[in-house]
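Below: the structure, in structure tokens.
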Amino acid sequence: MASRFSGALQLTDLDDFITPSQECIKPVKIEKTKTKTGAKIKIGEDGYFDLSTGQEQKLQKVEITLADCLACSGCITSAESVLVTRQSQEELLKVMSERKYTDTQGVTRDVTLVVISLSVQPTLSLAARYKLDPEEATRKLVGYFKSLGADLVLDMTVAEDLSLLEAQQEFLQRYQNHQHDPSAKQLPMLASSCPGWVCYAEKTHGNFILPYISSTKSPQQIMGSLVKQYLANKRELNPSEVYHVTFMPCYDKKLEASREDFYSEVLSCHDVDCVITAIELEQMLENSGRSLSEIEGTNLDWPWDDSEAPGLKSHIGSGSGGYADHVFLYAAEQLFGETNAQLVYKNLRNPDFREVTLEKDGVEVLRFAIANGFRNIQNLVQKLKRGKSPYHYVEVMACPSGCLNGGAQARPARGESGREVVARLGALYGGLPRARPAASRLAKQLYADWLHGRDSDKARALLHTAYHALERNDIALNIKW
């Protein structure tokens with residue numbers, strides 16, 4: 001008789017916490033003679049041993065390469081693996097020296113301007129790795145990229161602000177639509193800034209889950225539009241002449257940058273041409289025999305027309321950008337007139353699943369959650385499928401502890417645990433100057449001058465996207481067990 005798991009199954013006793021850049025391995029197929037007794041395996045302190053021949057034979061482990069396993073959904077297509085090979089550190093150095101790159105259509109293009117966009121999480125990762133304060137680490141990263149040939153090195157605060165502002169407006173619209181039609185898949189609105197989560201949703205749950213996922217682009221892709229369209233236009237450049245590199249905390253950002261949704265046939269280019277991670281930059285420094293601490297620092301560039309000063313900033317809430325906090329406070333004020341709503345999170349089954357609620361006249365009117373890691377994502381999806389989700393909004397991140405613990409962050413030092421590293425990065429993040437998206441003069445200027453208003457067609461086209469159910473029938477891995 002076939003057995004079936006209970007619909008109320010909850011994953012509660014698992015721990016999918018990963019240390020930054022945790023090594024990933026897979027078994028190796030070993031050719032051996034057939035025996036009537038089958039294979040005998042011994043598990044030792046330093047590995048696995050095959051005893052089938054009467055002697056201990058240590059089984060080799062094989063590291064999974066980026067082309068083998070990139071997306072958190074467990075596998076990527078061969079087409080995707082071809083795209084991400086163009087995003088290696090070797091490719092970046094080649095483009096810097098030759099000032100040429102080949103786009104996804106196979107066309108070789110000349111590079112007039114190389115732009116690097118720094119995300120906050122990998123910058124903090126390297127600050128901790130090299131024992132630098134965040135501002136000093138930022139200046140040294142700017143100096144390093146400039147020494148390689150970069151023309152502009154920018155922080156991504158404005159893109160993060162725009163992503164948060166759009167998420168706020170999108171939630172408001174979804175909430176109001178839900179009031180008119182509770183049967184439509186408007187709520188809960190699920191954050192879309194994590195490409196590992198989005199890829200998993202597209203390949204595993206498809207059309208069931210996708211309507212719930214926010215259409216707001218991630219900061220990386222909004223920054224891509226800013227660089228390739230707004231900045232290129234200001235410099236009177238063809239967007240395909242601009243080579244845009246982002247500095248990110250996880251490998252899945254490479255997959256996001258390679259999406260055909262973010263390739264413009266009109267402009268003949270992607271929004272982001274190359275993604276480099278903290279661990280890759282550390283390798284680049286090691287390969288050149290240099291340390292970030294010895295690099296001569298210089299200031300971030302500021303090519304915008306606004307008078308705000310450049311620099312990494314934090315946002316209230318989680319180290320993944322604070323989506324739940326920002327949307328919650330905005331919704332509390334706009335929907336219920338609560339200007340001083342309290343953000344008091346309650347941990348549920350584990351620290352990576354927590355929720356915050358708002359009550360009005362003794363009635364709960366908003367319930368938000370943060371769900372980090374796949375055990376919590378699985379539980380969230382199961383609740384949705386059973387129609388039991390109590391949430392209006394969920395900030396979803398594939399990595400436990402969120403983006404500060406991204407899979408491509410610098411490895412912990414010897415004797416230091418991954419949790420200790422994440423706690424230290426959290427403290428560094430909290431110590432950064434605080435961004436205030438709603439008060440950003442640059443964001444207001446861009447809405448007015450570039451996007452022609454908050455609710456314009458151009459704003460929707462450049463700051464939002466769509467996701468698609470995918471068939472996993474073109475698998476890059478073909479492993480026989």
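The values are calculated or read from the model by the stated rules, or taken from the named source; none is laboratory data. Values in this document were obtained by computation on a predicted structure and should not be read as measured data. Neighbour counts are summed over all protein chains in view; Cβ atoms, including those assigned to glycine, are modelled from backbone coordinates with ideal geometry. When the accessible area is computed, the model is the full protein with side chains, heavy atoms only, and any ligands, DNA or RNA have been set aside. Shrake-Rupley method; radii C 1.70, N 1.55, O 1.52, S 1.80 Å.
What does the charge add up to near residue 195, with Lys and Arg as +1, Asp and Glu as -1, over the other residues with Cβ less than 9 Å from its Cβ? List each step's numbers first, then the result.
Working: positive: 253, 254, 259; negative: 252, 256.
That works out to +1.
Multiply the residue separation of residue 184 and residue 288 by 0.36 nm, subtract the distance between their alpha-carbon atoms, and state the gained length in nm to one decimal. Kindly include the intermediate steps, with their values, before the conclusion.
Details: separation 104, 0.36 × 104 = 37.44 nm, distance 5.52 nm.
Here the segment from residue 184 to residue 288 would lengthen by 31.9 nm.
Take the Cβ-Cβ distance between residue 316 and residue 56 as r, set R0 to 56 Å, and report the resulting FRET efficiency rounded to the nearest 0.05.
On the way: r = 56 Å, r/R0 = 1.00.
Efficiency computed from Cβ-Cβ geometry: 0.50.
Classify segment 386-429: rounded, prolate or oblate, from the alpha-carbon gyration tensor (a ≥ b ≥ c, eigenvalue square roots; a/c under 1.5 rounded; otherwise prolate if a/b is larger than b/c)?
Prolate shape, in that a/c is at least 1.5 and a/b is the bigger ratio.
Determine, for each peptide in 448-460, 276-288, 378-390, the mean count of other beta carbons within 10 angstrom over its residues, then list the peptides with the highest first.
Packing order, densest peptide first, comes out as 276-288, 378-390, 448-460.
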Item checked: Spatial extent of segment 234-393: Rg and Dmax, with the Cα atoms as the point set, Å -> 21.4, 63
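Give me Rg over Rh for segment 99-160, both radii from the alpha carbons and Rh done the Kirkwood way, two decimal places. It would help to have the intermediate numbers written out before the result.
Values: Rg = 14.2 Å, Rh = 13.2 Å.
Ratio of gyration radius to Kirkwood radius: 1.08.
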Notebook entry, point to check: So what's the projected area for segment 155-253, the Cα convex hull averaged over all directions, in nm²?
Noted result: 7.8
Notebook entry, point to check: To the nearest 0.05, what FRET efficiency results for residue 434 and residue 414 with a Förster distance of 35 Å applied to their C-beta separation?
Noted result: 0.55
Next item on the list: Starting from one equal scatterer on each C-alpha and no solvent at all, send me the Debye-based log10 I(q)/I(0) for segment 72-224 at q = 0.13, 0.19, 0.21 Å⁻¹, two decimals.
Entry: -0.85, -1.26, -1.32
Checklist line | Calculated log₁₀ intensity ratio I(q)/I(0) where the Debye formula runs over C-alpha points of segment 250-334, q = 0.18 Å⁻¹ | finding: -1.23
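Are there trypsin sites (Lys or Arg not before Pro) in segment 263-359 that DSSP marks as loop and that have at most 14 other Cβ atoms within 10 Å, and which are they?
Working: sites: 290, 313, 346, 349, 354; in loops: 290, 313.
Within segment 263-359, the qualifying trypsin sites (Lys or Arg not before Pro) (loop, at most 14 other Cβ atoms within 10 Å) are 290.
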Check: Shape of segment 126-190 from its Cα gyration tensor (a ≥ b ≥ c, root eigenvalues): rounded if a/c is under 1.5, otherwise prolate when a/b > b/c, or oblate?
Finding: prolate
Next item on the list: Label segment 331-391 by shape, choosing from rounded, prolate and oblate, from the square roots a ≥ b ≥ c of the eigenvalues of the Cα gyration tensor; if a/c is under 1.5 it is rounded, and otherwise prolate applies when a/b is larger than b/c, oblate when it is not.
Entry: prolate
Margin query: Using a 1.4 Å probe on the protein heavy atoms, what percent of the accessible area of segment 301-444 belongs to carbon and sulfur?
Written below: 46
Check: With each label point set 7 Å from Cα along the Cα-Cβ vector, what nm distance links residue 457 and residue 100?
Finding: 3.9
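I want the local charge near residue 94. Using Cβ-Cβ distances under 13 Å, sum +1 for each Lys or Arg and -1 for each Asp or Glu among the other residues.
On the way: positive: 86, 99, 100; negative: 90, 91, 98, 273.
Net charge in that neighbourhood comes out at -1.
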Margin query: Taking a virtual spin label 7 Å from the Cα of residue 235 along the C-beta vector, which residues in segment 138-164 bring their backbone nitrogen under 12 Å of it?
Written below: 150-154
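How much net charge surrounds residue 119 when only other residues with a Cβ under 11 Å from its Cβ are counted (Lys, Arg +1; Asp, Glu -1)? Could the numbers behind the result be given before it?
Numbers: positive: 253; negative: 155, 160.
The answer is -1.
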Next item on the list: Extending each Cα 7 Å along its Cβ direction at residue 306 and residue 344, get the distance between those two points in nm, one decimal.
Entry: 3.4
Next item on the list: Could you tell me the distance between the Cα centroids of segment 391-448 and segment 178-215, to the nearest Å?
Entry: 22
